[in-house]
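Below is one structure, written out as structure tokens, with a few remarks after it.
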Amino acid sequence: MTSAAKSGVPDVRKQPKQARAQATMEAILTATAAVLTEVGYHHATTNAIARRAGVSIGSLYQYFPHKEALVTALCERHLGEMTALLIGEVAAMRGLPLAAAVRALVRSLLRAHSVEPELHRVLIEQVPRIAGFERITQIDRIIIELIRTELERREEPLRPKDLDLAVFMLVHSVQAITHAAILDRPGALADPALADEVTALVLRYLLVDPP
């Protein structure tokens, strides 16, 4: 294993600088997501990914030396898409009453996990703890920091006295429900009833006098 892989940084041999090279790398990552979703991590091969991407195996290896590097880079891309969505939506919630902001945040979390939900399921369920895979859990730390910052600026009285503990419990509770939905009830992510029930759970925990 390379030192880059050990550090959790995607082991990419060739960083694309020209538009054509960037397009090739994106095609390879998109093909990786498709193959993982179809056959799972253990049955996915670099040859199958190269065929799906429409590139030679030699071209694939110019960018990624092995399957682990491909999946690590894919985790990075998936995490980046989810994080960008959440940061934008949390910023848009400022100025809303807390109850409305919580409802909007819950819906945002469900939408964020709806970004390629089948891929997310594979990453949760099938991909082993490869070097760098743990970085997908960074989404939890990012969400915790976003929510804590938002709650700190609020004037509404909160029931929990320990804000750090409260945010930790809330984020991991909602994430557990969301991941369970991805694994067992993927259609529920788009169901307003799930968003309503999770919102009620959060508000009853968080507020002194929930609506």
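Summary table below
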{"quantity": "Separation in nanometres of the label points that stand 7 Å from Cα toward Cβ, at Arg204 and Asp191", "calculated": "1.8 nm"}
{"quantity": "Ser173 versus Glu155: modelled label distance in nm, points set 7 Å from Cα along the beta carbon direction", "calculated": "2.7 nm"}
{"quantity": "Simple spin-label estimate for Gln138 and Ala92 in nanometres, 7 Å along Cα-Cβ", "calculated": "2.4 nm"}
{"quantity": "Peptides ranked, highest mean first, by Cβ atoms within 10 Å: ranges 27-35, 68-76", "calculated": "68-76, 27-35"}
{"quantity": "With 5 Å bins from 0: P(r) over the chain, alpha-carbon pairs, percent", "calculated": "1, 7, 14, 17, 16, 13, 10, 9, 6, 4, 2, 0, 0"}
{"quantity": "Ranked list, fewest to most other Cβ atoms within 10 Å of each Cβ, for Ile144, Ile139", "calculated": "Ile144, Ile139"}
{"quantity": "Cβ-Cβ FRET estimate between Ile124 and Ala21, R0 fixed at 30 Å, reported to 0.05", "calculated": "0.45"}
{"quantity": "Efficiency of FRET between Leu163 and Glu81 - r from beta-carbon atoms, R0 35 angstrom, step 0.05", "calculated": "0.75"}
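Rule-based calculations on the coordinates, nothing more; no lab input. Note that the coordinates shown come from a computational prediction; the quantities given were computed from them, not determined experimentally. Glycine gets a Cβ as well: all are built from the backbone with ideal geometry, and neighbour counts include every protein chain shown.
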